[in-house]
1. What are the pairs, 6+ residues apart or on separate chains, where a residue within the stretch 68-85 that is within 16 Å of Lys102 (Cβ to Cβ) has its Cβ under 6 Å from a residue that is open to solvent by 90 Å² or more (accessible area, probe 1.4 Å) and not polar (S, T, N, Q)?
2. Filter the stretch 30-66 down to the residues that are modelled with pLDDT under 80, of a type in the set (Val, Ile, Thr) and not in a loop (DSSP other than H, G, I, E, B) and list them by number.
3. Every residue in the stretch 116-132 that is open to solvent by less than 90 Å² (accessible area, probe 1.4 Å) and not basic (Lys, Arg), please.
4. Any residue at all in the stretch 189-201 that's touching a His at 6+ places or on another chain (Cβ under 8 Å) and over 27 Å from Arg22 (Cα atoms)?
5. Check off (1) polar (S, T, N, Q); (2) open to solvent by 60 Å² or more (accessible area, probe 1.4 Å); (3) over 24 Å from Asp166 (Cα atoms) for Ser135 and give me the number that stays unchecked.
6. Counting residues that are of a type in the set (Asp, Glu) and touching a helix residue (DSSP H, G or I) at 6+ places or on another chain (Cβ under 8 Å), which helices (runs of 4 or more DSSP H) fully inside the stretch 91-195 reach at least 1?
7. Quick one: which of Arg99, Arg69, Arg27 is modelled with pLDDT of 85 or more and among the charged types (D, E, K, R)?
8. Determine if the stretch 209-225 includes at least one residue that is surrounded by 14 or more Cβ atoms within 10 Å (Cβ to Cβ), over 26 Å from Glu24 (Cα atoms) and acidic (Asp, Glu).
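The values are calculated or read from the model by the stated rules, or taken from the named source; none is laboratory data. Everything quoted here is computed from the prediction, not taken from an experiment. Here the Cβ is made from the backbone with ideal geometry for all residues, glycine too, and neighbour counts use every protein chain on show. Areas reflect the complete protein model, heavy atoms only, side chains present, ligands, DNA and RNA absent. Shrake-Rupley method; radii C 1.70, N 1.55, O 1.52, S 1.80 Å.
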Amino acid sequence: MIEGFGLFMTGFWLLMIYDCLRNEPERHTWLWILIFVNFPGALIYFFMRWLPRIDIQMPKYFTRWTRSRELWIAEEEARNIGKAHQYVKLGNLLYEIGRFDKAEDAYKQALEKEPDNKQALWGTASINLKNKNFSQAKEHLQTLLKIDPNYKYGDASLIYGETLIDLKEFDAAKEHLEKHLQNWNHPEAYIKLATIMTQQGDTQSARSYLEKMIAKVRGSSYYHYKRNRHFIRKAEKMLKNL
């Protein structure tokens, strides 16, 4: 049994080293930890780098159980202090554990106290989108982008463009996404724009956007290339159909 556990430890350690060499942007630092700390280093790497990268979703009931005390404290702070940031904190926690209706109520209370609270606007818009309430999401995102056009490193701007598409406001979406790409290089924006162009019969522009996106992703760092290479496959498939 001891020999079997030893083999498991060695195999796990080698697996983490292999993953580090293939996927870790800070591989030099982590390789040093893995080699000199050995199995404990492999455990540290597993929990700090491997698990967050693959983004495993734990069951909601498990998350609620492990964070019940944190939720209770956030509810008490919101109830007793009542500042906007306390309601935002409560809303974020409720959102993370999947209690979206209560999260929306918390965000709304935050907005009653601070109508320009960016986190509350973002949280409310996110729930609106989950509920396919695109009109409400559009309003909250518009307000958010007036306050901070670069919120979430351009993610809010990208989601706003996608919301316009969901509302079938294609001309407005096209105009917005073209402006968006002047500041951000989200592959999704190129795909969405190419889709709109194709629907409007402008296949030359659609092809240009797709080819430009493919070149940018291929020319990026290995880490970003690996994260976005599925967009290349999607773009190549679209190009074949143009």
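1. Ala74/Lys89
2. Ile54, Thr63, Thr66
3. Asn117, Ala120, Leu121, Trp122, Gly123, Thr124, Ala125, Ser126, Ile127, Asn128, Leu129 - these are the residues of the stretch 116-132 that are open to solvent by less than 90 Å² (accessible area, probe 1.4 Å) and not basic (Lys, Arg).
4. Yes; the residues of the stretch 189-201 include at least one that is touching a His at 6+ places or on another chain (Cβ under 8 Å) and over 27 Å from Arg22 (Cα atoms).
5. (3)
6. 100-113, 155-166, 170-180
7. Answer to the check: Arg99.
8. Yes; the residues of the stretch 209-225 include at least one that is surrounded by 14 or more Cβ atoms within 10 Å (Cβ to Cβ), over 26 Å from Glu24 (Cα atoms) and acidic (Asp, Glu).
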